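Written below as structure tokens is the structure these notes are about.
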Amino acid sequence: MAKPDQVKDTDLRAQIEKAYAAMRSGNGTEAVKVLSDAYLYLLNKYPEMLDETIEPRPGRKMFAVMRWPMLGANLTLDSVTQKRPQIEFVRERFAVSEAITYYEYTLESAVARGA
Amino acid sequence: MKFGLFYELQLPKPYDQDQWSEDDELRIYHNMLDQVELADQLGFDYVFEVEHHFLEEYSHSSAPELMMAALSQRTKNIRLGHGIVLTPPAYNHPARVAERIAALDILSNGRVEFGSGESASDMELGGFEVERGLKKAMWEEATREVTNMMTATPYAGFEGEFFSMPARNVVPKPRQKPHPPLWVAASRRETTMVAARLGMGSLGFGFETPEELGERANEYYRLVREECMPIGHAINPGLAVLNTFMMGPTDEEALRRSANGPGFFSYSLGYYYNPATGGKHPVGAANVYRKYRDESGEAQAQERQQRSGFLAEDEIRQGEPEEEVQRALYRAARSGNAIGTVDRLRKTLKMYEDQHLDVMVFVAQAGDRKHEDIMESIDTFGRQLLPEFKERHEKTHRKWRQEQLQGVEFPINSSI
């Protein structure tokens, strides 16, 4: 499992560490906001991620980046198809457990990409 | 490795009838009492029971606190696990959860395991008007406050996003201090890691392979050591996973007794948790069991079961769905890890033990398996296998676990 020190991009790592600190202090909302920025940064730096698809069930394809958790900070499908990724906030507050979910996903994605 | 039993209280309708018989629910409830009483006498460590609502045939266990109360008076040692209580406030007000957990802990003389979760089926979320996108936040807020209610005298009150209440002394307080061990339902890897970070046991529905489990156990315990931010006042480090269970004098006979348990379990779970089917469930009018048999084809199902019961792990994995929950369903229907003879189970369960699993929880009551077969399986396992696993748990696993938890700075309340 990925750890922040495996992220080579110093700006991205700083964002992930900032999100972690927010989580530790119980501020899930702040952490989700920072992680959303971090994920968009990752997608903009590696735009080929927007073309990758997976097949979660036989015969059903989806954009791999849409596995980003949809817990209220939602990556919009239109923005992915238009290659201008955007995250829409449909809620104002986030719990720590939700922030953890976003954190794990962002960190795993960054390390898997070699960022 | 410790062992438990897991109950959904499944009740498939008869294939050729639209409703159950009058005594069917009475029968499965009392069968469960008998099964758990036997398991307790033989030294099983845990029973976990779900809370589900409106999931006809899949689960008739909507008031587990009552079953647990009954079991508290019919058993002596087995731990009574909520696997899990739905804690979003629309299902159960947090103060009522705290009161019921504490009362059960007193009745059972400190044997409660407090698992919590959110559910994900449209039947339940819609039935209680719980917004899907908010359920995780609701779960966390409510579960955190339940632990505060169980420990604070008085509880200072709370103004939250999903519930509020004034200062009150929530009584009784639980027998276990500061509160019973905390678990959370975890169907995905990421939920297991959330559990670790929040200091909760992970009650896994993923039907993991031993190799996956080994990786997960190492990472889980690392997170508990290094990155834990407890949701409660004591942490409960522990990994539990489900496995389908049935024994027999021969592997073939065990498979026959296993009947359609794993298949129906997987099918009905998928049916209710897939919005395309569960969201359109014709309440009171469907026969899910008939659908299962018609869609799978009785003859094909039997044949597939015969073929797949003892497939090697790599054979089971061929054709697995990529998506994690779908994969768990696929495995639930096909894995024969805890189905077979004493020798087979000794060998396969040892693989999980070697990967440092804390608790293996058996799904015995499923589909239209027979009570007599379940009782015999519990008896066989309890007499012929449980003692050796218990001995190794005390001699080996406890030591490994203590090493994993060295340096943990939080109080621990765990029965593992």
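The values are calculated or read from the model by the stated rules, or taken from the named source; none is laboratory data. The model shown is predicted, which means the values in this text are computed figures rather than measured ones. No Cβ is skipped: glycine too gets one built from the backbone with ideal geometry, and neighbour counts run over all protein chains shown.
If you go through the range A:70-115 and pick out every residue that is crowded, with 18+ Cβ neighbours inside 10 Å, β-branched (V, I, T) and either at the interface with chain B (Cβ under 9 Å from one of its Cβ atoms) or touching a Ser or Thr at 6+ places or on another chain (Cβ under 8 Å) (or both), you end up with 4. Of the residues A:L40, A:L12, the single one that is within 19 Å of A:G114 (Cβ to Cβ) and buried (at least 19 other Cβ atoms within 10 Å of the Cβ) is A:L12.
From the list B:R74, B:R27, B:R79, the lone residue that is of a type outside the set (G, A, S) and touching a helix residue (DSSP H, G or I) at 6+ places or on another chain (Cβ under 7 Å) is B:R74. May I ask you to list the residues in the range A:25-74 that are in contact (Cβ under 8 Å) with a residue 40 or more places away in the chain, in contact with a Gly (Cβ under 9 Å, 6 or more places away or on another chain) and over 18 Å from A:Q15 (Cβ atoms)? Across the range A:25-74, the qualifying residue is only A:G72.
Out of B:G238, B:G204, one residue alone is farther than 20 Å from B:E409 by Cα and either of a type in the set (S, T, Y) or more than 14 Å from chain A (Cβ to nearest Cβ) (or both). It is B:G204. Quick one: is B:N31 more than 22 Å from B:V283 (Cβ to Cβ), part of a helix (DSSP H, G or I) and out of contact with any Gly (no Cβ under 6 Å at 6 or more places or on another chain)? In short, yes. Restricting attention to the range B:184-209 and to residues that are part of a helix (DSSP H, G or I) and within 18 Å of the chain's Cα centre (by Cα), the residue that is surrounded by the fewest Cβ atoms within 10 Å (Cβ to Cβ) turns out to be B:E190.
When B:S119 is tested against (1) without any contact (Cβ under 8 Å) to a residue 40 or more places away in the chain; (2) within 30 Å of B:G278 (Cβ to Cβ), only condition (1) is not met. For the range B:44-63, check the following and say yes or no: at least one residue is surrounded by fewer than 24 Cβ atoms within 10 Å (Cβ to Cβ), within 14 Å of another protein chain (Cβ to nearest Cβ) and not in a helix (DSSP H, G or I). Checked against the condition, which is being surrounded by fewer than 24 Cβ atoms within 10 Å (Cβ to Cβ), within 14 Å of another protein chain (Cβ to nearest Cβ) and not in a helix (DSSP H, G or I), the range B:44-63 yields no hits at all. Residue-level analysis places B:L71 outside the set of residues that are of a type in the set (A, V, I, L, M), in a loop (DSSP other than H, G, I, E, B) and crowded, with 23+ Cβ neighbours inside 10 Å.
Six or more apart or on different chains, Cβ atoms under 6 Å: show the pairs whose first residue is in the range B:252-263 and modelled with pLDDT of 90 or more and whose second is among the β-branched types (V, I, T). What qualifies is B:A254/B:I339; B:S258/B:I339. Among the residues making up the range B:371-416, those that are under 21 Å from the mean Cα position of the chain (by Cα) and among the small types (G, A, S) are B:S377, B:G382, B:S414, B:S415. Looking across the range B:121-144 at every residue that is surrounded by fewer than 20 Cβ atoms within 10 Å (Cβ to Cβ) and touching a Leu at 6+ places or on another chain (Cβ under 7 Å), the one that is nearest to the other protein chains (Cβ to nearest Cβ) is identified as B:G133. What single numbered condition from (1) touching a Leu at 6+ places or on another chain (Cβ under 9 Å); (2) crowded, with 16+ Cβ neighbours inside 10 Å; (3) not in a loop (DSSP other than H, G, I, E, B) fails to hold for B:R383? It fails just one condition, (2).
Condition check ((1) crowded, with 21+ Cβ neighbours inside 10 Å; (2) away from chain A (no Cβ under 14 Å); (3) not in a helix (DSSP H, G or I)) across all residues:
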residue: B:E215; (1), (2), (3): no, no, no
residue: B:N218; (1), (2), (3): no, no, no
residue: B:G232; (1), (2), (3): yes, no, yes
residue: B:A254; (1), (2), (3): yes, yes, no
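What do you reckon, is B:A167 farther than 18 Å from B:P88 by Cβ and surrounded by fewer than 24 Cβ atoms within 10 Å (Cβ to Cβ)? In short, yes. The residues of the range A:56-90 that are within 19 Å of A:G26 (Cα to Cα) and in contact with a strand residue (DSSP E or B) (Cβ under 8 Å, 6 or more places away or on another chain), listed by number, are A:G72, A:A73. Pairs are defined by a Cβ separation below 7 Å, a sequence spacing of at least 6 or placement on different chains, a first member in the range B:181-192 that is more than 9 Å from every other protein chain (Cβ to nearest Cβ), and a second member that is basic (K, R) and assigned to a strand (DSSP E or B); no pair meets this definition.
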